[in-house]
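Starting off with a structure, shown below.
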Amino acid sequence: MNAVEKEPKVQLTGTVLAVQANFYQVQLDYDKGDKRELVPLTLLCTRRTRLKKIGHSVMVGDRVIVEEPDWAGTRGAIASVLPRSSLLDRPAIANVDQILLVFAAADPPLEPYQLSRFLVKAESTGLDVVLCLNKCDLISDTLQASIFERLSSWGYQPTFISVYNSINTEALLSRLQNKTTVLAGASGVGKSSLINKLIPSVNLRVGEVSGKLAKGRHTTRHVELFELPNGGLLADTPGFNQPDLDCSPSELAYYFPEAKQKLEEGTCRFGDCLHRDEPSCVVRGDWERYEHYLVLLEETLSRQAYLNSSTDPESTLKLKTKGKGESHYEPKLETKKYRQKSRRTQLQELQQFYQDED
Ligand SMILES: Nc1nc2c(ncn2[C@@H]2O[C@H](COP(=O)(O)OP(=O)(O)O)[C@@H](O)[C@H]2O)c(=O)[nH]1
Ligand SMILES: [Mg+2]
Ligand SMILES: [Zn+2]
């Protein structure tokens, strides 16, 4: 008896744009002039059980191979996940090329320490960082020039944009073309407005504090990659004003471009110099953000001490962080889950901190 030859499986590659329950929205790679032109561009997919068995997760941004798409129903199954070139944890997105950090030039006023913190967090991912200052319609040319000069001394050349007046938004779009970009920045700077401007079909709500902050409870905000009109993908991030720093004390200086430059031009006497009061240090000095460095250094040191203590089962200490990197230890609560300060309390403390700064 002749074995019936099985038809080869149809395989396509694509990118996961969104994950909902057990379904994956996959944007198929699109080749003009190819018969794929006839294929619907996004497929709703399930994941092959084999992938589940080997515990391979499928996440937003993943490049995947989709098998046996059902042309009529626009369904398919993810058979495998291609190796990732990068992996962000919060939000969880694979294969990101760059971070677009958006802050406002005014309203809310540009807060140097907060901006620094976001910049350091962005740099710590190792991805390229693009800095934009929105709402430039609200400031004078003179102020704009002085902000530019100041941030240049930090090692950044910010692009001033105005979503309202369409200033530099086209130029920005070209920097996003054919790349996967994650948008980050404090609440209220105009991130949702910018996405709406760049991708009119998206229509996000504006002027809304998103996520946990607004609702005071845990709402799982799912990440989604939006398709840019000229190619490329863009993801928003949940609204938060103080990103967690999870880098080690010794690497922190490298996330300040102006300090990194000093480390490339010279060498500290001690290999493990933390650039505080060690003799013959090339980093310590009169650069504007040195103070930010010291504050963030304390935070990374506290975090490291906490991590070391919590891997020790005998430990009964728990790290408490108070605003500007002041940390101390308190006896750990008996419960497994650490009791966290409410977001509202954190926000109030933060606001208090900024008021104190003025
Ligand atoms: N003056 C001015 N206001 C803007 C601009 N872009 C956004 N806004 C306003 O800033 C506020 C916050 O915007 P939103 O997009 O929700 O910020 P998000 O929290 O970063 O997503 C809203 O009231 C917007 O209308 C701009 O270019 N200029
Ligand atoms: Mg928003
Ligand atoms: Zn040093």
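The values are calculated or read from the model by the stated rules, or taken from the named source; none is laboratory data. Worth saying up front: this structure is predicted, and the values here are computed from it rather than measured. Methodologically, a virtual Cβ is constructed for each residue, glycine included, from the backbone with ideal geometry; neighbour enumeration extends over all protein chains shown. Side chains included, ligands, DNA and RNA excluded: accessible areas come from the protein's heavy atoms. Shrake-Rupley method; radii C 1.70, N 1.55, O 1.52, S 1.80 Å.
Is the stretch 93-236 best put as rounded, prolate or oblate by its Cα gyration tensor, with a ≥ b ≥ c the root eigenvalues, rounded for a/c under 1.5, and otherwise prolate when a/b is larger than b/c, oblate when not?
Judged from the Cα gyration tensor, the stretch 93-236 comes out rounded (a/c under 1.5).
Going toward the positive end of the dipole of the stretch 49-198, with +1 on Lys and Arg Cβ and -1 on Asp and Glu Cβ, which of ALA186, SER153, ILE93 do you reach last?
ILE93
Compute, for the stretch 93-236, the length of the dipole vector about the Cα centre, with Cβ point charges of +1 (Lys, Arg) and -1 (Asp, Glu) only. Units Debye, rounded to 20.
500 debye
Please calculate the 1.4 Å probe accessible area of LEU233, with all protein chains present, and give it to the nearest 10 Å².
Ignoring ligands and nucleic acids, LEU233 comes out at about 10 Å².
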